[in-house]
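Enquirer: Got a structure here, written out as C-alpha cells. Questions coming.
The values are calculated or read from the model by the stated rules, or taken from the named source; none is laboratory data. These figures come from a predicted structure and were not determined experimentally. Here the Cβ positions follow ideal geometry from the backbone for every residue, glycine too, while neighbour counts run over all protein chains shown.
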There are 2 protein chains.
Amino acid sequence: MLSADSSFDEKSATALVNSSWANTSDERLKKILTSLVTHLHNFVRDVEPSMEEWMQGIDFLTATGQKCDDKRQEFILLSDLLGVSMLVDAINHRRPAGATESTVLGPFHLVDSPPRELGADISLDANGQPCVVAGTVRSLDGTPLSGALVDVWQANGDGFYDVQQPDKQPELNLRGLFTTDETGRYWLRSVVPRHYPVPTDGPAGDLLEAAGRHPYRPAHIHFIAGAEGHHPVTTHMFLDESPYLDSDAVFGVKQELIRPVTTVCDATRAAEFGVQAPFRLIEFDIVLDAAS
Amino acid sequence: MLSADSSFDEKSATALVNSSWANTSDERLKKILTSLVTHLHNFVRDVEPSMEEWMQGIDFLTATGQKCDDKRQEFILLSDLLGVSMLVDAINHRRPAGATESTVLGPFHLVDSPPRELGADISLDANGQPCVVAGTVRSLDGTPLSGALVDVWQANGDGFYDVQQPDKQPELNLRGLFTTDETGRYWLRSVVPRHYPVPTDGPAGDLLEAAGRHPYRPAHIHFIAGAEGHHPVTTHMFLDESPYLDSDAVFGVKQELIRPVTTVCDATRAAEFGVQAPFRLIEFDIVLDAAS
C-alpha cells in the first residue's frame, strides 16, 4: 500500500525524502542528512538542471573522486576552491577579537617539521631572497608565552614546497619547529616565498578554467602555534608585496594576517639575527587565547 | 593589495566566493556555480560540521567516486537515494494532468531492447509467475496511437535483471521493444517481477545502513513509450501487491503508476493473449501529450 504522502512529486519531494530518516538513530547524522537533502533540493529547484547538466554533475564528481590518491585530494581542493574549507575552518575556530585568526592547514603539512634552534636557517638550498622571520607569541592579555611551539613551513622562491620537488629540494627544506625563548620570541632565517598555483591538472582545475578564474595563491608562510593552557592556531602570514592578495584561489586571506617585508639597514639588528645588513625582515606576532 | 571586501570571515564568505565568478563568461555556468556556493555554504552554516565531520564528508565523496567503473555509477545511486534523480526527472518532465507520469530511467537500460512481435514472451527462461502485460497507448485527447513504440524491461521473479546475472539468464532476457497495433494496443507475456535491493556494497549502501534505511525498491516494470508528434515518457509501472511501495529506496513511486495484478479466469480472454486460463494480467495504459 502507498500512503497518501508517499507519492513523489516536485512539491512533496523534500519532505518525502526527509521522512526516510525517521529510523536514523544517530541524531547528529539525521540532522546532517536532513539539512543536506533540504539544501541540495533547494539548489536543484533553483537551477533546474537539464538531464544533461545533471549527468555532467555526476561525471564531474566521479572524476574528482577518481583523481584522488595517496598524495592528491581533489575533493579537498574543490572544497578549498568553493570557500567551503575556509568556512568550516572559521566555524571551528571562533576566537575573541585580538587573537590571531586561523586559516586552513593546506595540503603541504605532510611531514613533521624538524625541531630547530632559534635563528636557524630553514632554507637548506638558499633558493630565494634571504630573509628573517621573527615575532613574539603572546597571550590575549599581552603576556609573552615562553616555551610556545611555532611550526613553520613554506614554499621556496620559485613557489614550490619540498614535497613537490623531492628530486630538487633537500628533505625537510623550509620546515622548522621552533620554541620561543623566555621573552616569548621566535626568529629564524629563510627565503621570501613566492606565490604559486594550486594543482590544475584535474577536474577542479578544469572548473577554474571554465569559470575564468586563475589558480594562484598569494605568497605566504604557514604557521601552527601552540602554548600550554592556550588554544593553538593554524594560520598563514601573507606578504603584502604579493600579487593575488585579493583573489586567493582558496580564499585564505584575512586582512589581519598580511605583513610587509621590510628592508633593515641597522647593523646591530642584523647582528642580533646573525645576518649581514641590509637584510629583509618579516615580523609576525602571534596571539593565542587562553583555553578556559 | 587587499580590497576591504576580500578579507574572509564567516559573514563575508559567500559573497566573497561568488564574486570570484565575475569573469565567468558562460552565463549558465555562472548561475549554477553561484547557486551551488550559496546552497553549499547554507548547508555548512546550518550543520556547522566539525573538522572531523568535514573530513568524513571528503572521504565519503572520494570513496563514492572511486567505487564507480564502467558498470557501476555510485554517484547516480547516491543521487537516487537522496531523491535528487527523481526531482531532476520531475523538473525536466512537467506534463499536463492526465499524461502518464515519468520516473527515472534507472541503471539497467544498458542494452537496446530487441524488437518483438506483439504477444511475444519476454521471459526467455520462465523464472517467475507467468503473466500478461497489456495496455493501450493514447494521446492526451483520447486518440489511440497506432505504431507507438513501447520499450519494456524488468527484473525476473527473483528480482534480478539479465545484466546482473550474465551466467544465469539468457541474453536480452525480459526485454522487448513492441509496436502498438492499429488500435494503439500492445500486449506481451512475461513473469511477475519481484522487489529487489539497490547495490549496498559501496558508500551509498553504507549510508543507508548508518541511516537505518532499507535498500529495497518495490516490484516494477520499466517502460519507455514514444509516438510520432508526442513527448516520449520514461516510467515504471508498480505492482500494488509489492512491499516497499511507500518506502522505495529511490523515491520512484507515484500513485498514478500503481497497478493491480489481476487473475483472469475467462478462457476467451486467455485465448486472445495465447495463454491458458486462469492467467495473471497487468494492465497499463500509457497517455502521451502532443509535442507542440
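Enquirer: List every residue pair whose Cβ atoms sit under 9 Å apart, with the two residues 6 or more apart in sequence or on different chains, where the first one lies in segment A:81-106 and is more than 25 Å from A:LEU207 (Cβ to Cβ) and within 7 Å of another protein chain (Cβ to nearest Cβ) and the second, anywhere, is in a loop (DSSP other than H, G, I, E, B) and of a type in the set (Asp, Glu).
Expert: Pairs that qualify, where the first residue is more than 25 Å from A:LEU207 (Cβ to Cβ) and within 7 Å of another protein chain (Cβ to nearest Cβ) and the partner is in a loop (DSSP other than H, G, I, E, B) and of a type in the set (Asp, Glu), are A:ASN92/B:GLU48.
Enquirer: Scan segment B:159-176 residue by residue and report those that are under 19 Å from B:CYS131 (Cβ atoms) and either among the acidic types (Asp, Glu) or not in a loop (DSSP other than H, G, I, E, B) (or both).
Expert: B:ASP162, B:ARG175, B:GLY176
So that you can scan it fast, the table gives a plain yes or no per residue for (1) hydrophobic (A, V, I, L, M, F, W, C); (2) in contact with a Gly (Cβ under 8 Å, 6 or more places away or on another chain):
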| residue | (1), (2) |
| --- | --- |
| B:ARG28 | no, no |
| B:ILE32 | yes, no |
| B:LEU36 | yes, no |
| B:ALA63 | yes, yes |
| B:LYS67 | no, yes |
| B:GLN73 | no, no |
| B:LEU78 | yes, no |
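Enquirer: Right, B:ASP46: modelled with pLDDT of 95 or more, more than 7 Å from chain A (Cβ to nearest Cβ), part of a helix (DSSP H, G or I) and surrounded by 14 or more Cβ atoms within 10 Å (Cβ to Cβ) or not?
Expert: It is false that B:ASP46 is modelled with pLDDT of 95 or more, more than 7 Å from chain A (Cβ to nearest Cβ), part of a helix (DSSP H, G or I) and surrounded by 14 or more Cβ atoms within 10 Å (Cβ to Cβ).
Enquirer: Moving to a separate point now. Mind checking which residues of segment A:225-260 are of a type in the set (A, V, I, L, M, F, W, C) and touching a strand residue (DSSP E or B) at 6+ places or on another chain (Cβ under 8 Å)?
Expert: Residues satisfying the conditions are A:ALA225, A:ALA227, A:VAL233, A:MET237, A:PHE238, A:LEU239, A:LEU245, A:ALA249, A:VAL250, A:VAL253, A:LEU257, A:ILE258.
Enquirer: Select, from B:ALA267, B:ALA204, B:ALA210, B:ALA291, the only residue that is hydrophobic (A, V, I, L, M, F, W, C), surrounded by fewer than 17 Cβ atoms within 10 Å (Cβ to Cβ) and within 14 Å of chain A (Cβ to nearest Cβ).
Expert: Being hydrophobic (A, V, I, L, M, F, W, C), surrounded by fewer than 17 Cβ atoms within 10 Å (Cβ to Cβ) and within 14 Å of chain A (Cβ to nearest Cβ) holds for just one of B:ALA267, B:ALA204, B:ALA210, B:ALA291, which is B:ALA210.
Enquirer: So, in segment A:63-74, how many residues would count as being over 26 Å from B:ASP46 (Cα atoms) and either in contact with an Asp or Glu (Cβ under 8 Å, 6 or more places away or on another chain) or at the interface with another protein chain (Cβ under 7 Å from one of its Cβ atoms) (or both)?
Expert: Applying the first criterion (over 26 Å from B:ASP46 (Cα atoms)) to segment A:63-74 yields A:63, A:66-72.
Add one more test, that the residue is either in contact with an Asp or Glu (Cβ under 8 Å, 6 or more places away or on another chain) or at the interface with another protein chain (Cβ under 7 Å from one of its Cβ atoms) (or both), and what stays is A:66-68.
Qualifying residue count for the region: 3.
Enquirer: Something else: How many residues does segment A:200-259 contain that are touching a Ser or Thr at 6+ places or on another chain (Cβ under 6 Å), outside any helix (DSSP H, G or I) and among the small types (Gly, Ala, Ser)?
Expert: The number of residues fulfilling the criteria is 3.
Enquirer: Here are some residues: A:ALA219, A:ALA249, A:ALA277. Which one is hydrophobic (A, V, I, L, M, F, W, C), surrounded by fewer than 21 Cβ atoms within 10 Å (Cβ to Cβ) and either farther than 24 Å from A:LEU140 by Cα or within 14 Å of chain B (Cβ to nearest Cβ) (or both)? It would help to see each step written out before you state the result.
Expert: Working: A:ALA219 fails: surrounded by fewer than 21 Cβ atoms within 10 Å (Cβ to Cβ); A:ALA249 fails: surrounded by fewer than 21 Cβ atoms within 10 Å (Cβ to Cβ).
Result: A:ALA277 is the single residue among A:ALA219, A:ALA249, A:ALA277 that is hydrophobic (A, V, I, L, M, F, W, C), surrounded by fewer than 21 Cβ atoms within 10 Å (Cβ to Cβ) and either farther than 24 Å from A:LEU140 by Cα or within 14 Å of chain B (Cβ to nearest Cβ) (or both).
Enquirer: May I ask you to verify whether B:TRP54 is in contact with a Lys or Arg (Cβ under 7 Å, 6 or more places away or on another chain), farther than 30 Å from A:VAL261 by Cβ, among the aromatic types (Phe, Trp, Tyr) and facing chain A (nearest Cβ under 7 Å)?
Expert: no
Enquirer: If only one of A:ALA148, A:ALA134 is surrounded by 17 or more Cβ atoms within 10 Å (Cβ to Cβ) and either closer than 28 Å to A:ASP206 by Cβ or touching a Gly at 6+ places or on another chain (Cβ under 8 Å) (or both), which one is it?
Expert: Working: A:ALA134 fails: either closer than 28 Å to A:ASP206 by Cβ or touching a Gly at 6+ places or on another chain (Cβ under 8 Å) (or both).
The unique qualifying residue is A:ALA148.
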